[in-house]
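J.: Here you go, one structure.
The values are calculated or read from the model by the stated rules, or taken from the named source; none is laboratory data. All figures in this text were calculated on a predicted structure; none of them were measured in a lab. Note: ideal-geometry Cβ built from the backbone for every residue, glycine included; neighbour counts use all protein chains shown. What goes into the accessible areas is simple: the full protein's heavy atoms, side chains included, and nothing from ligands, DNA or RNA. Shrake-Rupley method; radii C 1.70, N 1.55, O 1.52, S 1.80 Å.
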Amino acid sequence: MIDFLIEIGHEEFPPSFLRRTADDLTYRLEEVLKRNRIFYRSVRTIYTSRRFGVIVLGLTRKQKPQVIEIQGPPKKIAFDEKNKPTEKLQGFMKTHDLKRTEIVVRKTKKGEYVCGRKEVAGGLTEDVLYEEIPRIIQSLEFPKTMRWNASGTRFPRPVRWIVALLDRRPIRFKYAGITADRYSMPNFHFSYKPIRLEKPREYMNFLRHGGVVVDPNERRKLILKRIKQAIGKVPGKPLYTDAMIDELNCMTEYPEAVTGEFDQKYLDLPEEVIVTVLKTQGDLIWLKPTNKFVCVFSAKKKALQNVKKGYTRVVEAKLYDAHFYYQNDLAQGLEKMNEQTKGMMWLKGLGSLYDKAFRMSKFVSVFPDGDQAALKKAALYCKADLLSQMVREKDFTSLQGIMGGHYAAVSLKDEKIAAAIKEHYLPNYVGDALPRTQEGAALSVADKLDNVIGAFLSGNRPSGSYDPLAVRRNGYGVVQVMAENGIHVSLFTMIERLLGLYGKKLEDGVMKDFFSERMTRYLADAGSRYDEIKAVLATWQGDIADARHRCQALAKFRDKTEFNKLVIGQKRVRNILKGSKETGAVQTGLLKSPAERKLYRTGTRALTQLEVLLKQKKYGEVLELLLSMREVIDTFFDDVMVMCDDAALRKNRLALVRYINDIFIQYADFSEIVIEGEKS
Amino acid sequence: MRKVLTFENIILNLKRFWQKKGCLLFEPYNSEVGAGTFNPATFIRVLDEKPWKVCYVEISKRPRDGRYGENPNRTQQYYQLQVILKPAPKDIQKMYLESLTSLGVKLNEHEVKFVEGDWEAPTLGAWGLGWEVWLDGLEVTQFTYFQQAGGVDLKVIPVEITYGLERIATAVQDVGSMFDLKWNNDLTWGDVYRQNEVEFSRYNFEESDPKLLTELFDQYEREATRAFKQGLVYPGYDYAIKCSNVFNLLDARGVISISERANMIGRVRSLANQAAQLYITSLPGSTEEKQEKND
């Protein structure tokens, strides 16, 4: 049994994909070992800001031997009448260096063939690794790469050393102009002297002495322990997330922590401002509600006092700026900022930011719920903070809306307006929180829809990877907020209203196509299958929240065998109706057979019930109702010939089929549902 | 009181340090620039494949950042020390850390943190990957491996190290405000520059003439284009730089809208790209010829 260590040493790696990269290396290495029949006892992934790699313990020294079979000629031409090898077989044996004892006969679909069967001894693990490791490294994928030397290699940051140690022997492959060896590097705060490793088992310990905790799990625990130690008896609740600790873990080699404090007067600032300052200043952890914070750093303990002083100074300077902007903004007031939005162009040819806000304030009357006066005013003022000193500062642009909310609370003295403004950018990204108030949700939809239409009107339509104004994200946001905040207004009504306010037109169908794609994406993300989405969207009238409910109800029914039969029935209906243009009403006098009459009666009854259930949005019951018609429909198709010779009867039967179909498509076009085993 | 390393000595130490590493000691450019990257000693020289090592101080003018001399850490004008090493040496990070040591920063008593920073200069069509270097939490340097300049993929990758001199000096001298930096033993940074800050802040934000500046932008752009047509890289690029500065002034005056801003940045970038293209095509011997020779 031997051990293996691979460590790729690099300049500081982007923290957002370090862990993924290290895991990927481990995964690929394990794959290669398995594929090459090399066994091992355990693997451990390591990474810090300046290195990532894998430690494999208990490897076999050689590959497991393998029996291989090489197919040769058919049996009938391989042997002559005396069962002696023919020239053909002898040639095959010569080519593959096979002995007579290694020839066997195998039955295949095409008849009997001879095969060369031999045992191949396993190669050295060392040789396999020498070949495979550079390939593995090369196969790693990254979101963004760079070049740095004449090798032209692309990697997220320059690779500066590689350790590849198989027990006591370095595997000296070449990558990125570097020859792998047995030398690692310590934490540069500790030393710049290379660390010579005799064998992989020394690695963790030796590196620890060099100021590097290589095991990410151990280091993460250490970070949390250090934070706790630093806090000591300071009151307040440390405000951090797992994501923050993960990021710190990717930015450190040897975590230490210390507390700092800022002037009490900055506690007057909105919480979001304090959190933003501390976050952008290196994931500092606020001890809310005190004026203290914890700084996790990666250097020698001796640096503690300098680090404390340095970070405190930087935080103070940032808070000083923020405080300065905040005071100025409050002194100026939201009213004046809003006035200034008149001078700020929004999109070329579409007027100013004020024009946008004004348009939105007219538009929001489309929403039936919530406090209409507050909503209208929130719309009018929602872009004012873009002209505030705070939001114009690049460190605080992420506080757009949030600052507007604070300023609105002070200037307009209305909590509803403040909340709506504060929430109207939500969700900022996939997975972000949604607005919580009705007014906030309405304003969020209004803003995003206005962004989409504005982009289309100003020549900024998305195409391929080109989407500079994030139109798709905005469109998705419209769908998500409408669906999840339960806003039952037709999208098409909204679009029409908004275009009216712009006084402009878009080509027919362009918005419908755009939003169909966003709807499909959203509903799929919410767990619906594509055929369910297609079925619902085929007859969709524009209520987004409603479409979601219909999809959800559909999903619950689709596993029932009854449902499948229903779908098959609908497919038949669709096929029958495909060629017909008949639109007349059903003539009850022409309903000859009992099956026809029964179907019509069932349909009429169902229609009355359906209207009530649809209005109440009881979609489970709607589906039950439709399902209950299944038998009657089947009997109809079994007993009645729709395309009969009698023209009047045919016409009436087609009208009946259409009548029934019209009932079904009030819910969805069930013929879009894919039945298992069916070719679509 | 302990003897501090003065501002001027910090500059001298860094220059000496990089001189010993083989850098040519250059001087600032003779026109207003937003960063040392604009200096042809960087922008033009990184384009070709010849080795180039240079170190110089540049005055960085950022009109928008003026605070009337009232913010302790922000001004509309400050100093950068710019280092370009092409090709980037493999022990460059170690070299950089040693340069901090040359300023009395002991690595075992401080935290030096390399914080991911994708650098981009949109007016120069340039980008690279690297870091902001934080010294005990304070950003003191930008460390970048250039990948592209003037829209051209660089064949030989240079490393750019840009020290914010006032920043690093406040850390070295352990003061809270750049105005309190000891320039020499008698005068502070504030003694030298405070009035300058007050006046330029007022000019940049309140007094500059947007109409004149807009005209200048157009004229400089035309002259740059005309020079490029005559095959003149440096004079044309000189006007591109002037455009960039005029744009910065207009931006500070708050008279350009978001979309107009993008448009003007695009116009400056186009000039920078033309300069880069022209420089490359006018190099003695095309790339193809050279390759044949090497073969």
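J.: For A:K75, go through the lysines and keep the ones whose alpha-carbon is under 24 Å away, minus same-chain ones fewer than eight residues off.
T.: Result set, ordered by chain and number: A:K84, A:K88, A:K94, A:K99, A:K107, A:K109, A:K110, A:K118.
J.: Assuming a viscosity of 1.002 mPa s and a temperature of 20 °C, what translational diffusion coefficient in µm² per second does Stokes-Einstein assign to the protein assembly as shown, Rh being the Kirkwood radius over Cα pairs?
T.: My calculation gives 63 µm²/s for D.
J.: Let me check something: with ligands and nucleic acids excluded, how do B:W18, A:W161 order by accessible area (1.4 Å probe), largest to smallest?
T.: Correct descending sequence by accessible area is A:W161, B:W18.
J.: Let me ask another. What residues qualify as long-range amide H neighbours of B:W52, i.e. H under 5 Å apart, gap of 5 or more or another chain, H built at 1.01 Å from N?
T.: Hits under the 5 Å cutoff: B:K86.
J.: Return the equivalent ellipsoid semi-axes of chain B as a descending list in whole Å, where each equals the square root of 5 times an eigenvalue of the C-alpha gyration tensor.
T.: 32, 27, 15
J.: Using the Karplus curve 6.51 cos²θ - 1.76 cosθ + 1.60 with θ = phi - 60°, what ³J(HN,Hα) values do you get for each residue of the range A:459-465, in whole Hz, with x for Gly and Pro?
T.: x, 10, 5, x, 8, x, 8
J.: Nearest 0.05, what FRET efficiency do A:I68 and A:T539 give at R0 = 45 Å with Cβ-Cβ as r?
T.: Here the calculated transfer efficiency is 0.15.
J.: Under the definition of partner shielding as Cβ atoms of other protein chains within 10 Å of a residue Cβ, what is the mean value for peptide B:163-172?
T.: Taking all residues of B:163-172 together, the mean is 1.
J.: Treat every Asp and Glu Cβ in the protein assembly as shown as -1 and every Lys and Arg Cβ as +1, leave all other atoms uncharged, and give the resulting dipole magnitude about the Cα centre to the nearest 20 debye.
T.: For the protein assembly as shown, the charge dipole is close to 3360 debye.
J.: Relative contact order for the range B:4-70 using alpha-carbon pairs under 8 Å, separation at least 6, rounded to a whole percent?
T.: Result for the range B:4-70 is 37 percent.
J.: Right, next: Might you tell me the accessible area per residue for the protein assembly as shown, computed with a 1.4 Å probe and given in Å²?
T.: 47
J.: Let's see if you can work this out: charge +1 on each Lys and Arg Cβ, -1 on each Asp and Glu Cβ, no other charges. What is the dipole magnitude of the range A:216-332 about its Cα centre, in debye to the nearest 20?
T.: Computed charge dipole of the range A:216-332: roughly 780 debye.
J.: Now for a separate question. Sequence neighbours fewer than 8 away in the same chain don't count; with that in mind, list the lysines whose C-alpha is under 20 Å from A:K560.
T.: Leaving aside lysines fewer than 8 places away in the same chain, those within reach of A:K560 are A:K534, A:K571, A:K618, A:K679.
J.: Which loop-located trypsin sites (Lys or Arg not before Pro) does the range A:100-132 contain, where loop means any DSSP state but H, G, I, E or B and the Cβ has at most 15 other Cβ atoms within 10 Å?
T.: A:K109, A:K110
J.: At 1.4 Å probe size, what's the solvent-accessible area of A:H96? Round to the nearest 10 Å².
T.: 60
J.: Here's another thing I want to ask about it. In chain A, which whole DSSP H runs stretch at least 27 Å along their own axis (Cα) and average -1.0 or higher on the Kyte-Doolittle scale?
T.: Length and hydropathy pass: A:304-340, A:438-457, A:594-615.
J.: Further question: Considering every residue in A:7-16, what mean count of other chain Cβ atoms within 10 Å of its Cβ is obtained?
T.: So the per-residue partner count for this stretch is 3.
J.: Using a cut-off of 18 Å between alpha-carbon atoms, which aspartates and glutamates can reach A:K233, once sequence neighbours fewer than 8 places away in the same chain are excluded?
T.: Within the straight-line cut-off, A:K233 pairs with A:E256, A:E261.
J.: What is the magnitude of the charge dipole of the range A:64-209 about its Cα centre, with +1 placed on the Cβ of each Lys and Arg, -1 on the Cβ of each Asp and Glu, and no other charges, expressed in debye to the nearest 20?
T.: Result for the range A:64-209 is approximately 220 debye, rounded to the nearest 20.
J.: Give the carbon-plus-sulfur fraction of the accessible surface of the range A:216-332 in %, rounded to a whole number; probe 1.4 Å, heavy atoms of protein chains only.
T.: 54
J.: Can I ask one more? Over chain A, what relative contact order in percent results from Cα pairs under 8 Å that are six or more residues apart?
T.: Once normalised by length, the contact order is 7 percent.
J.: Where a ≥ b ≥ c are the square roots of the eigenvalues of the C-alpha gyration tensor, would you call the range A:560-672 rounded, which needs a/c under 1.5, or, failing that, prolate if a/b is larger than b/c, or oblate?
T.: prolate
J.: Right, something else. Through the Karplus equation 6.51 cos²θ - 1.76 cosθ + 1.60, θ set to phi - 60°, convert the phi angles of the range A:426-432 into ³J(HN,Hα) values in whole Hz; use x for Gly and Pro.
T.: Calculated HN-Hα couplings, in order: 5, x, 6, 8, 4, x, 6 Hz.
J.: Still on this structure, please answer the following. Which cysteines in the protein assembly as shown lack any other cysteine whose Cβ sits under 4.7 Å from their own Cβ?
T.: Among the cysteines of the protein assembly as shown, those whose Cβ sits 4.7 Å or more from every other are A:C115, A:C250, A:C295, A:C382, A:C551, A:C644, B:C243.
J.: State whether the range A:216-332 is rounded, prolate or oblate according to the following rule on the C-alpha gyration tensor (a ≥ b ≥ c being the square roots of its eigenvalues): a/c under 1.5 gives rounded; otherwise a/b larger than b/c gives prolate, and the remaining case gives oblate.
T.: Prolate.
J.: Roughly how crowded by other chains is peptide A:288-298, in terms of the mean Cβ count from those chains within 10 Å of each of its Cβ atoms?
T.: Mean inter-chain Cβ contacts per residue within 10 Å come to 1.
J.: Can you compute 3J(HN,Hα) from phi for each residue in the range B:104-114, using the Karplus curve 6.51 cos²θ - 1.76 cosθ + 1.60 with θ = phi - 60°, rounded to whole Hz and x for Gly and Pro?
T.: Working through the residues one at a time gives x, 7, 8, 5, 8, 10, 9, 10, 10, 10, 9 Hz.
J.: Rounded to the nearest 100 Å², what is the buried accessible area between A and B, both sides summed, probe 1.4 Å?
T.: 3900
J.: Once a ≥ b ≥ c are taken as the square roots of the eigenvalues of the Cα gyration tensor of the range A:66-120, is the result rounded (a/c under 1.5), prolate (a/b larger than b/c) or oblate (a/b not larger than b/c)?
T.: In terms of gyration-tensor shape, oblate.
J.: Then there's this: Which residue, chosen from A:Q264, A:A374, A:G53, occupies the Cα position most advanced towards the positive end of the dipole of chain A, where the dipole is computed from +1 (Lys, Arg) and -1 (Asp, Glu) charges on Cβ about the Cα centre?
T.: A:G53
J.: With a 1.4 Å probe and every protein chain left in place, tell me how much accessible area B:T6 has, in Å² to the nearest 10.
T.: So the heavy atoms of B:T6 present about 10 Å² to solvent.
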